[in-house]
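The values are calculated or read from the model by the stated rules, or taken from the named source; none is laboratory data. The structure presented is a predicted model; accordingly, all values stated were derived computationally and were not measured. Here the Cβ positions follow ideal geometry from the backbone for every residue, glycine too, while neighbour counts run over all protein chains shown.
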Amino acid sequence: MLQFKNYARPETVEEAYELLRKGRMNRVLGGGVWLRLQDRRISTVIDLSACGLDKIEETEDSFVIGSMVTLHQLETHAAFNDATCHVFEHAVRDIVGTQMRNCATVGGSVFGRFGFSDVLTALLALDCEVELAGAGVVSLASFVNMPYERDVLAHVIVHKHDYAASFAAVRRSATDFPVLNVCAARWDGWHVAVGARPTRARLLEGERLALPDDFTPEQLDAACERLSELPMGSNMRGSERYRRHLARELGRRAIRQAAGLEAPSPDPVAPAPRTVCAGHHGGAAPSAPALVGDAAPAHDPAPTQAPKGGDASCS
């Protein structure tokens, strides 16, 4: 059975960080969605709900999203979605149901960096940074590859650009974890994130993607081939070979739709896999959240999980 010896509800991020660093077995609590019964004892669980991190603030050049903002808060924030071509809204709107998305937090989804995350893939293609109590401000592209550290995620910062963006995913059934997901965004060049490989999302941009703003069909083919060459794995949802095919074809679709060269695909008739492109009218891709203070579900392979015993802080 999961047991908490002490419960702390600090009023500032600095106080939460100090509490976290005091004990090796202390953990930060986020939305609580992934807490499971298990034979484990946590010395002190740290609740961030009193730290004022449940707000979305718009500045002249960015959106500053508190780590305790729920997925539903962000998916219904009109200004944020209009500014980012609705990629976040379309990535999360079918995560189980509104009740769950009113519990699941943006910070927990980002800090967990789970392999099945739609949230991480959608944000990774944007100009996004994370603000940590200890490490400071780090780009999400760098943070996604960092090891789990004992730190507290305070804010997710999405900078404003004239985005052209699109999100696409394939699932075996509605509300299932994605077999693969892709988000493509054009701002200062093209940025394409591929997630559910089934390990954590990976971003290609610049010379690694080698896709100019105004690309030829041959250049698009070459870029999509690079997406398919990312490390892939197999699990119960799909094989490595199938995921490479999906990376190539979903990448092509997402880039073309973001560039306005292809109309969005209508919702296929169930039970066929559903796909969606953000920034257009059309169906939404259901997904599953990656949220709080513990490892991913047991049926996912080890690379998609937090370290044994849970990550140090998952806001």
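Things worth noting here:
- Scanning segment 65-84 for residues that are within 16 Å of the chain's Cα centre (by Cα), outside any helix (DSSP H, G or I) and not polar (S, T, N, Q) gives Ile65, Gly66, Met68, Val69.
- When residues of segment 47-64 are limited to those that are of a type outside the set (A, V, I, L, M) and not in a strand (DSSP E or B), the one nearest to His159 (Cα to Cα): Asp61
- With respect to being of a type in the set (D, E, K, R), assigned to a helix (DSSP H, G or I) and at pLDDT 95 or above, Glu18 fits the description.
- Some residue of segment 267-277 being of a type in the set (A, V, I, L, M), more than 18 Å from the chain's Cα centre (by Cα) and at pLDDT 50 or above: no
- Any chance Arg41 is assigned to a loop (DSSP other than H, G, I, E, B) and either of a type in the set (A, V, I, L, M, F, W, C) or exposed (fewer than 14 other Cβ atoms within 10 Å of the Cβ) (or both): no
Okay, residues lined up against (1) under 21 Å from Pro264 (Cβ atoms); (2) assigned to a strand (DSSP E or B):
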{"residue": "Val170", "(1), (2)": "yes, yes"}
{"residue": "Cys183", "(1), (2)": "yes, yes"}
{"residue": "Leu204", "(1), (2)": "no, yes"}
{"residue": "Glu225", "(1), (2)": "no, no"}
{"residue": "Arg241", "(1), (2)": "no, no"}
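- Within segment 130-157, tally of residues that are over 21 Å from Thr12 (Cβ atoms) and either in contact with a helix residue (DSSP H, G or I) (Cβ under 7 Å, 6 or more places away or on another chain) or without any contact (Cβ under 8 Å) to a residue 60 or more places away in the chain (or both): 9
- Test: residue in segment 217-224 that is among the polar types (S, T, N, Q), modelled with pLDDT of 95 or more and within 21 Å of Asp94 (Cβ to Cβ): no
- Just one of the listed residues (Gly107, Gly115) is under 14 Å from the mean Cα position of the chain (by Cα), crowded, with 23+ Cβ neighbours inside 10 Å and not in a loop (DSSP other than H, G, I, E, B), and it is Gly107.
- Of all residues in segment 71-89, one or more are out of contact with any helix residue (DSSP H, G or I) (no Cβ under 7 Å at 6 or more places or on another chain), hydrophobic (A, V, I, L, M, F, W, C) and within 22 Å of Pro178 (Cα to Cα).
- Residue count for segment 229-265, restricted to those that are without any contact (Cβ under 8 Å) to a residue 24 or more places away in the chain and among the aromatic types (Phe, Trp, Tyr): 0
- Taking every residue in segment 212-228 that is free of Cβ contacts under 8 Å to residues at least 40 places away in the same chain and pairing it with any residue that is assigned to a helix (DSSP H, G or I) and among the hydrophobic types (A, V, I, L, M, F, W, C), at least 6 positions away or on another chain, the pairs with Cβ-Cβ distances below 6 Å are Ala223/Leu209; Ser228/Ala247.
- Pro231 satisfies every condition listed in (1) touching a strand residue (DSSP E or B) at 6+ places or on another chain (Cβ under 9 Å); (2) closer than 17 Å to Ala125 by Cβ except (2).
- Test: residue in segment 134-151 that is of a type in the set (A, V, I, L, M), closer than 16 Å to Val69 by Cβ and assigned to a strand (DSSP E or B): no
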